[in-house]
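To keep things clear, I will list the structure first and then write my remarks on it.
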Amino acid sequence: EDVCAKFVSQKISKARWRPLSAAALQTPDVFATGSWDNEDNRISIWSVGDLGNVGLSGEYQGEPQLLCDIRHNGDVMDMQFLDQERIVVASSTGTVTVFRHHQNNQTLSANQRWEKAHYHVDQDTPCGGAACTGVICNNSEIVTVGEDGRINLFRVDQKDAVRTIDNADSSTLHAVTFLRTTEILTVNSIGQLKIWDLRQQRNEPSQIFSLTGDRVPLHCVDRHPNQQHIVATGGQDGMLSIWDIRQGTMPVSLLNAHEAEMWEVHFHPSNPDHLFTCSEDGSLWHWDTSTDISEKPSFLHQGGRSTTYFSHNTTNQSVISAWLSNDPTKDRMEITNLIPNQTLSVNSLDILGPCLVYGTDAEAIYVNRQLFA
Amino acid sequence: AAVPSQVVPGADPCARQLCFAWGPAEVLVCETLFGRRGGSPSRGKGGPGRASPPGALTGCVAGSGEAGPSSSRLFVVRKDQDIYIQTLRKLFNESHGIFVGLQRSAEELAGKSRKAQLVQVSKNYRSVIRACMEDMHQAAISTRDPALHSQYSTQVSVLSAMELIWNLCEILFVEAAGAGPLLLRLLDWVRLHVCDVDNMVREVLSSENPSKHELFWNVVDVFVLQGRMDEARHLLAKEASANPTSVNMYKILDDLMKKMPVPSLGNTQTLTEMELKWQHWHEECQRYLQDGTFASNSHMESICKILLGDEDAILEKKELMTTWYHFLVTQLLYSHPTVKPMELRMDLFLGGESSPEPLDMILMAAFEFEMHQVIKECSIALSNWWFVAHLTDLLDHCKLLQSHNLYFGSNMREFLLLEYASGLFSHHSLWQLGVDYFDHCPEYGRVYLELHIERIPLNTEQKALKVLRICEQRQMHEQVRSICKIMAMKALRNNRLGSALSWSIRAKDAAFATLISDRFLKDYCERGCFSDLDLIDNLGPSMLLSDRLTFLGKYREFHRLYGEKRFSEAAKLLLMLMTAHIAPCSFWMTLLTDALPLLEQKEVVFSAEQTYELMRCLEDLTAGKSDKKTCQDDDIETVKVEMLRLALARNLARVIVKEGTLEGS
């Protein structure tokens, strides 16, 4: 198989590729992972591109090699690369830390730390930190959200928060992403998607979208890299929702997906017809809207992988995007489960170029370097 | 695992009395002052929460240990210490996948293909053990700490013993090959595990002139003893070319070795056929030995004796075999190659060693086909439940343990799986693996899971969600309720009313939803405005969970209508809240006060009928109150009531005029 696995003796909560430098035409070769639920949680940097491991035919053979790791206080709740050297990590203790990866001597060090960026107002407990559930970076700006319903805006190298919205949400904020440079999207535990304009001094969202019916909690959110009005979210029931934030307050389409919590959703950064989701049920799905169904036989099965076609239940749209389209000929997508023998939760995934990395509660990390092969 | 009597270091049962408290897979032992002062036992705080450092032995000291002679100590005693070894987590996780796969694998495959499947599962387990051994070996090499090094080395030898036992069980029980193939498997097993002589073989083979090496004949003997005929002949050919005088003798021995009948793996020959060939070959060897063909060369003579299965000749090479089981297999090879599994026991005692180690006992039990004895000995000798739990489960799937019943619990498979999974649950991180093991214990698994899952500390909401998912998938309603309640209580304590409410909605816990709704209403009464509007405005169908929640939602709707200046709708809703008894009585006064601005509107809002109903509500309220005691608080109340009465009267007057005019026109 083209997937290599490594058991790492810690449950992996996050896995992220290191971004590529703009100049180089290379494939991703370094990624970071964070662990959770251990007495001693760690941030680790792994390499998969070691030249010594390249086989005769040029394809990669070995498993990921540990470059360096460092202790992290609390569960790693979220993690983002700020640039090629710095990683922002959200902790269950409410602390947000910037780690620096020194590539010359392969070490990690804590560069900057905002202690208890998220906290509860309770006076009884002295250590009233609240879990920081999500972090997102844009240039030097870092936005964090937490179980305390708070939104923080930090700037790298500034000691204090640039902006804090206390009680921004009465329920738990599960994830955050940038919509534009000054606007962010958050999802919460009562099925709401909110847009916040950080330029406005009002401590209220500029727009609220929500699921109808049962307010199923939303756990993850991602924005289409090119068409910023298209937003994907994943919920507690494993449902994938596609939203058009230019209109309406409800999702454009609801797609039945996983059997349990969808922990992450990612549009492919350079090939956004492809989307990836992973779940507590131990599956990782590849959603492909690029295939023109009319050209392919509908009974398509690829080497044991289950391939299914789903119909959108779209409302009327006039947008030319595969994700919003209701054109009956293109109104289907190909969905592939990338994990055949699923058992424990796939907590995190990341895609960059042709490379996929994911981490599980079965204490393993998996790398696929030929995703579209 | 369970050691018969383990003394907790530092605890002195002679000087003090000890008391025990059972925890999940751990025992809390503490010294008490009970009986001395006649008081109650001194209780240590904390309980069996904190874990000792990974790899530590069974006892560890907590509490105020070192401070003076009279201070009492706390001990946490563990029964499954291997769970805490970092490198073994790979073993636990990877084998979990194999275990789950085995349980899922349909038993519809019959006969041969089912057996092939089970053998493959067994091989997978072994390859996991081997991979883990490799890692542990690497760790042992790379560490500079001598204590760690010896700890890792011990683990390597334990894992290697586990693999040795498993492999033998695989050959004898899982694969249960027929007479001939069985012997080939046993030879493979010996070659794989008796590696003490490998270095010697390597040294001789890599030397410039192997036949001149002083250990040359030892290596030839090793090959012959392990049944590696081709390799032995290859070496002998070298020696023969160096001794042209005795080339004929070499040729004869080479011929004998070449002609030795080998049991085939396929079914191409019958046992009788094989036995006939063997008889013939045996006689030929015997002839050459008796006519003194090899008399001039003691090495070759002894090889010929070995080929004849001469016990003394084989025993002479004892140090080349290093273990009794190598001897046993060699003896089988040359004296009785068509041995059937059941006949092995006859030969066992030929290899009696001076003092049997636990490993010897286990292997002997295996050779005697005492499966239960193997499992029992392993349970005693090994410091983990992993091995016996997985092996027993595999043997159970081979339908080999059906007849055996325990006097306690359900059956042996389930008993061992429960023990192993309980150990996993005592671990701060591996507990997730334990769930699937409990799932496959039909009798007590559910109960164990229920008891263990409630003890998982829930430090983040995400972890709570994972635990909750486990419970919901198994319809463990009691546990779902308790987890949601814990999380709701936590949120409430942190003043996160919104979160608290969504947790109680998830658990459909009406009582708790009522409690939280009351907090919202109290906050409103104190502050005059609602907190967490984003939640209250979006209650949706969950509003129907409790009456109080319904009231909260409706009351907020009243405020929204009022804010949007939809007065008559607001008025209707307000009245309905009281007349339909949705509002709690304690809140009526607030509602009536809320009616005041509506009564004072320029436009008449309440109809005459509605005004009468409002008046009745007010009178019901004051009538109920008047019997009770009065105090200064009531002064404000009295003023309010007076104001309301006045407003109601004026409204009534206005509405009578208005309605009268409307009818008249």
Average beta carbon contacts from partner chains per residue of A:182-191, 10 Å cutoff: 3
Using alpha-carbon positions, what is the distance between the centroids of the stretch A:138-211 and the stretch B:518-539, in Å? 22 Å
Shielding of B:538-544 by partner chains, average beta-carbon count, 10 Å: 4
At what distance in nm do the modelled label points of A:ARG180 and B:LEU458 sit from each other, each positioned 7 Å from its Cα along Cα→Cβ? 4.1 nm
Fully extended, how many nm does the chain gain between A:GLU63 and A:SER21 (0.36 nm per residue separation, minus their Cα-Cα distance)? 12.8 nm
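Any of A:LYS116/A:LYS159; B:LYS112/B:LYS399; B:LYS112/B:LYS376; B:LYS508/B:LYS572; B:LYS463/B:LYS485 with alpha carbons more than 19 Å apart? Name them for me.
Checking Cα-Cα distances, B:LYS112/B:LYS376; B:LYS508/B:LYS572 exceed 19 Å.
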Describe numerically, in nm with one decimal, the distance between label points set 7 Å from Cα along Cα→Cβ at A:GLN84 and at B:PHE20. 6.2 nm
So if R0 is 25 Å, what FRET efficiency would B:GLU642 and B:ASN495 give, r being the distance between their Cβ atoms, rounded to the nearest 0.05? 0.10
Once you have the Cα-Cα distance between B:LYS115 and B:LEU544, take 0.36 nm times their residue separation minus that, and quote the gain in nm to one decimal. 148.8 nm
Contact order relative to length of the stretch B:82-233, as percent, for alpha carbon pairs under 8 angstrom and 6 or more apart: 16 percent
At R0 = 51 Å, how high is the FRET efficiency between B:ILE380 and B:THR245 if r is their beta carbon distance? Nearest 0.05 is fine. 0.30
Most packed first (mean Cβ within 10 Å per residue), the peptides B:475-482, B:202-209, B:539-546 order as B:539-546, B:475-482, B:202-209
What base-10 log of the normalised intensity I(q)/I(0) is obtained for the stretch B:563-610 from the Debye formula, alpha carbons as equal point scatterers, at q = 0.26 Å⁻¹? -1.04
Using a 1.4 angstrom probe on the protein heavy atoms only, could you order B:PHE551, A:PHE372 from most to least accessible area? A:PHE372, B:PHE551
Rounded accessible area of B:THR593 (nearest 10 Å², 1.4 Å probe): 40 Å²
What order do B:TYR612, B:TYR448, B:TYR84 take when sorted by accessible area (1.4 Å probe), most exposed first? B:TYR612, B:TYR448, B:TYR84
Given all pairs of distinct Cα atoms, the stretch B:458-555 yields a Kirkwood Rh in Å of 13.7 Å
Under 20 °C and 1.002 mPa s, how fast does the stretch A:70-226 diffuse according to Stokes-Einstein, given a Kirkwood radius computed over C-alpha pairs? Answer in µm²/s, whole number. 134 µm²/s
Relative contact order for the stretch B:565-664: what percent, with Cα pairs under 8 Å and sequence separation of 6 or more? 35 percent
With a 1.4 Å probe, how much accessible area is buried between chains B and A, both sides summed, in Å² to the nearest hundred? 3700 Å²
Cα shape, the stretch B:189-339, gyration tensor, a/c 1.5 rule: oblate
For a quick check of understanding: with a 1.4 angstrom probe and all protein chains in place, what accessible area in square angstrom does A:ARG369 have, to the nearest ten? 50 Å²
Rounded to whole angstrom, the alpha-carbon centroid of the stretch A:349-373 lies from that of the stretch B:411-449 at a distance of 31 Å
How far is the Cα center of the stretch A:1-22 from the Cα center of the stretch A:247-277, in Å? 21 Å
When all protein chains stay in place, what accessible area (Å², nearest 10, 1.4 Å probe) is found for A:ARG155? 70 Å²
Count the net charge of all other residues whose Cβ sits under 10 Å from the Cβ of A:VAL187, scoring Lys and Arg as +1 and Asp and Glu as -1. 0
Let me know the mean shielding of B:81-88 by other chains, meaning the per-residue number of their Cβ atoms within 10 Å of its Cβ. 1
On average over all directions, what projected area in square nanometres does the stretch B:565-664 have, based on the convex hull of its Cα atoms? 6.7 nm²
Search the structure for amide H atoms under 5 Å from the amide H of A:GLY149, placed 1.01 Å from N in the peptide plane, and list their residues when 5 or more places away or on another chain. A:LEU173
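The values are calculated or read from the model by the stated rules, or taken from the named source; none is laboratory data. This is a predicted model, so every value here is computed, not measured. No Cβ is skipped: glycine too gets one built from the backbone with ideal geometry, and neighbour counts run over all protein chains shown. Ligands, DNA and RNA are excluded from the accessible area calculation, which covers all protein heavy atoms including side chains. Shrake-Rupley method; radii C 1.70, N 1.55, O 1.52, S 1.80 Å.
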